[in-house]
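Colleague: So that we are looking at the same thing, I have put the structure below in structure tokens.
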Amino acid sequence: MTSPVLTETPPPPGNDAHPSVSGKAVRPGDRIFLGLSRGSGIALLVIMAAIAAFLTYRSVLAISGDKANFFTTLEWNATGTEPKFGIAVLAFGTVVSSVIAMLIAVPVAVGIALFISHYAPRKLASPLGYVIDLLAAVPSIIYGLWGALFLVPHLSGLYSWLDDYLGWTGIFAYGDGAARSLFTVGILLAIMILPIVTSVSREVFLQVPKMHEEAALALGATRWEVVRMSVLPFGRSGVISASMLGLGRALGETMAVATVLSPSFLINTSLLNPGGGTFAQNIASKFSEANQFGQDALIASGLVLFVITLLVNGAARMIIARRKEYSGAAA
């Protein structure tokens, strides 16, 4: 004897009191939120495209009227009867000062972040973290004034010491004069980006799963071995992201660099002698006195800085993607 087959009658259409969750907007609030989110993303792309189009258009006008090579000329005379200008000095100064800042700031910032997150007592870690965060809110002009009035006069002794022991390399040769050089700019930028790299790295290190650290300790690992085997691999992509944030500020810093640096359109083999310049500093110092064509020339240099920033961020994304197994999402 066969048992009867029970069939379930589907509910009539239109009488479903509880609609299933399908990922689509089914309520007015969902539709509004979806529209706002989508509009925000589209607005960001439109703004970026508008900035790129504006910079490109004005740059083409300037480069087409340049009587010299835009990429290799060591001169900036965009307001003359025969305008001649180039970005060689600006590109060199921007890249060199930013690299110096990163070489100084990133190791120190990672060390401070590790100390706050894994070594310092709680009573010390909280105030120290607050002070680090507070440094990130100091205006650029304050850093510039401090650099010009305090840092520059006190670097002469360091520069003389570097000249005595490393002057034979040519990179650290130093003559008499104020220490208003790219190396000083790099030191000042390192101090400015230190809070940014430290804060982000600290938050990443605090997200390390406690099970990883406890497992390493249970196997007999020392505190340093726990940091080396569990904390640093987990936070590597976060440290890279923090470094790129700091590098972005270093590349585009204006007022602090303009206050400290003694600019000249000359590429010095020594990092300790005055001279050089950066994109942001040159734009800030010359824009107010430039005519229409001179402003177009400065905008052309801004386009180069814009492209450099995009390339740096793109390279950082590629590095993070290759090391995604160390990210928090993969843990």
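The values are calculated or read from the model by the stated rules, or taken from the named source; none is laboratory data. On a predicted model such as this, the values are computed, not experimentally measured, just so you know. As a convention, Cβ positions derive from the backbone with ideal geometry for all residues, glycine included, and neighbour counts pool all protein chains shown. Heavy atoms of the whole protein, side chains included, go into the accessibility calculation; ligands, DNA and RNA do not. Shrake-Rupley method; radii C 1.70, N 1.55, O 1.52, S 1.80 Å.
Colleague: Read through the list (1) in contact with a strand residue (DSSP E or B) (Cβ under 8 Å, 6 or more places away or on another chain); (2) open to solvent by 10 Å² or more (accessible area, probe 1.4 Å); (3) not hydrophobic (A, V, I, L, M, F, W, C), then give the number of the only condition that Asn291 fails.
Modeller: (1)
Residue-wise test of (1) over 25 Å from Ser288 (Cβ atoms); (2) modelled with pLDDT of 95 or more; (3) within 23 Å of the chain's Cα centre (by Cα).
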residue: Met1; (1), (2), (3): yes, no, no
residue: Pro4; (1), (2), (3): yes, no, no
residue: Pro11; (1), (2), (3): yes, no, no
residue: Ile42; (1), (2), (3): yes, yes, no
residue: Met48; (1), (2), (3): yes, no, yes
residue: Lys67; (1), (2), (3): no, no, no
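Colleague: Which condition number in (1) at pLDDT below 90; (2) crowded, with 21+ Cβ neighbours inside 10 Å; (3) among the aromatic types (Phe, Trp, Tyr) is the one that Phe265 fails?
Modeller: (2)
Colleague: Of the numbered conditions (1) crowded, with 16+ Cβ neighbours inside 10 Å; (2) touching a residue at least 12 places away in the same chain (Cβ under 8 Å), Ile141 fails exactly one; give the number of that condition.
Modeller: So Ile141 meets the others, but not (1).
Colleague: Let me ask something else. Looking at Leu135, Leu155, Leu166, which is the one that is open to solvent by less than 30 Å² (accessible area, probe 1.4 Å) and of a type outside the set (Asp, Glu)?
Modeller: Just a single option satisfies the conditions, and that option is Leu155.
Colleague: State whether one or more residues within segment 109-117 are in contact with a helix residue (DSSP H, G or I) (Cβ under 8 Å, 6 or more places away or on another chain) and at pLDDT below 90.
Modeller: Yes, segment 109-117 has at least one match.
Colleague: Taking interchain pairs and intrachain pairs at least six residues apart, which have beta carbon atoms under 6 angstrom, with the first residue in segment 151-173 and closer than 20 Å to Ile191 by Cβ and the second among the aromatic types (Phe, Trp, Tyr) and assigned to a loop (DSSP other than H, G, I, E, B)?
Modeller: Tyr159/Tyr174; Leu162/Phe172
Colleague: For Glu203, work out the one condition from (1) touching a residue at least 40 places away in the same chain (Cβ under 8 Å); (2) in contact with a Ser or Thr (Cβ under 9 Å, 6 or more places away or on another chain) it doesn't fulfil.
Modeller: Only one criterion is unmet by Glu203, namely (1).
Colleague: Could you check Glu203 against (1) in contact with a Phe, Trp or Tyr (Cβ under 9 Å, 6 or more places away or on another chain); (2) at pLDDT 85 or above; (3) open to solvent by 50 Å² or more (accessible area, probe 1.4 Å); (4) outside any loop (DSSP other than H, G, I, E, B) and say which number it fails?
Modeller: (1)
Colleague: May I ask you to verify whether Ala178 is in contact (Cβ under 8 Å) with a residue 60 or more places away in the chain, over 16 Å from Ala101 (Cα atoms), assigned to a helix (DSSP H, G or I) and out of contact with any strand residue (DSSP E or B) (no Cβ under 6 Å at 6 or more places or on another chain)? Step through it out loud before you land on a result.
Modeller: Details: in contact (Cβ under 8 Å) with a residue 60 or more places away in the chain: yes; over 16 Å from Ala101 (Cα atoms): yes; assigned to a helix (DSSP H, G or I): no; out of contact with any strand residue (DSSP E or B) (no Cβ under 6 Å at 6 or more places or on another chain): yes.
No.
Colleague: Which condition number in (1) in contact (Cβ under 8 Å) with a residue 24 or more places away in the chain; (2) buried (at least 21 other Cβ atoms within 10 Å of the Cβ); (3) closer than 27 Å to Ala109 by Cβ is the one that Ile308 fails?
Modeller: Condition (2) is where Ile308 drops out.
Colleague: So which of Ala190, Ala215 is in a helix (DSSP H, G or I), more than 18 Å from Ile116 (Cα to Cα) and open to solvent by less than 40 Å² (accessible area, probe 1.4 Å)?
Modeller: Working: Ala215 fails: open to solvent by less than 40 Å² (accessible area, probe 1.4 Å).
The conditions single out Ala190.
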